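Asker: Questions regarding the structure given below will be posed in turn.
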């Protein structure tokens, strides 16, 4: 009788490498979290903000398919420099939470190197960030673009509530947040709405600072290169008086505004 061949025991296959779509990298960044930072810009974003200064990152295939291991090797090469500069790594975009598995792999690798990590997000896809991912995030740079539903939809094409729910979840986790607010004349300069956002942010208890970012048109040429109309072409940056007034509203709510 012919015997049946039984395969020999084999080691379990290693998991496939995690890869994602990377748009670009900035080394030596100083505005996307504390200290000197390695900023990884990921491709893909569900929002269509009227003032977007990176419209060339809105689709995942605007980036280059890259293995997480290769990104981490690049980060490791600068890890000493980042630590010396009291900085770390920031995941930005686009919207990094379009690619949560890739983000989680990068964040876990960065924490293994002892690096500070930050997640720069609109919060709209906050439900993509599970507890495993957020455990490796030291700071969330949360961009709340407006505090009224109609204004938020006009600006982004998406609903506001998911972002507020994510902010509330981060508060329950006591996860440090730096709030970012882009001040656009005629669009996000309603002082009543801003006062409401300030009250909301102060009530969360985990907002360490607020950055009021004056609108600029540095990305307008990218819209033109893509053959897309830039509807804010005639909008001017806010003057110093308005910017100071908005910053004062956040300070009056008890928030730190550098």
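Asker: Is segment 157-235 best put as rounded, prolate or oblate by its Cα gyration tensor, with a ≥ b ≥ c the root eigenvalues, rounded for a/c under 1.5, and otherwise prolate when a/b is larger than b/c, oblate when not?
Answerer: Details: a/c = 2.42, a/b = 1.98, b/c = 1.22.
Verdict is prolate for segment 157-235.
Asker: Normalised by the residues of the chain, what does the relative contact order come to in percent, with Cα pairs under 8 Å and at least six apart?
Answerer: It comes to 16 percent, rounded to a whole number.
Asker: Right, next: Give the separation of the Cα centroids, segment 48-65 to segment 88-143, in Å.
Answerer: 18
Asker: What does segment 39-83 give for Rg and for Dmax, in Å, if only its C-alpha atoms count?
Answerer: Radius of gyration, then largest Cα-Cα span, for segment 39-83: 13.7, 38 Å.
Asker: Grab the DSSP H runs of the chain that are 4 residues or longer, score each as -39,500 (n - 2.57), total them, divide by all residues and round the 222 nm result to the nearest 500 deg cm²/dmol.
Answerer: -10000 deg cm²/dmol
Asker: For the chain, what is the percent of antiparallel DSSP beta bridges, rounded to the nearest 5?
Answerer: Just about 30 percent of them are antiparallel.
Asker: Percentage of Cα-Cα pair distances in segment 99-235 greater than 24 Å, rounded to whole percent?
Answerer: Working: 3504 of 9316 pairs.
That fraction is 38 percent.
Asker: How high is the relative contact order of segment 172-258? Use alpha-carbon pairs under 8 Å, at least six apart in sequence, and give a whole percent.
Answerer: Here the relative contact order equals 39 percent.
Asker: Where the eigenvalues come from the Cα gyration tensor of segment 24-152, what are the semi-axes √(5λ) of the equivalent ellipsoid, largest first, in whole Å?
Answerer: Taking √(5λ) for each eigenvalue gives 24, 15, 14 Å, largest first.
Asker: Hey, how many Å between the Cα centroid of segment 154-179 and the Cα centroid of segment 199-258?
Answerer: Here the answer is 16 Å between Cα centres.
Asker: Among 124, 147, 81, which one moves the most in a GNM of the chain with springs linking Cα atoms closer than 10 Å?
Answerer: Between 124, 147, 81, it is 81 that shows the largest mean-square fluctuation.
Asker: Any idea what % of Cα-Cα pairs in segment 19-252 are farther than 24 Å?
Answerer: 44
Values quoted throughout were computed directly from the atomic coordinates according to the rules given, and no laboratory measurement underlies them. Predicted, not measured: the structure shown is a model, and the values here were computed from it.
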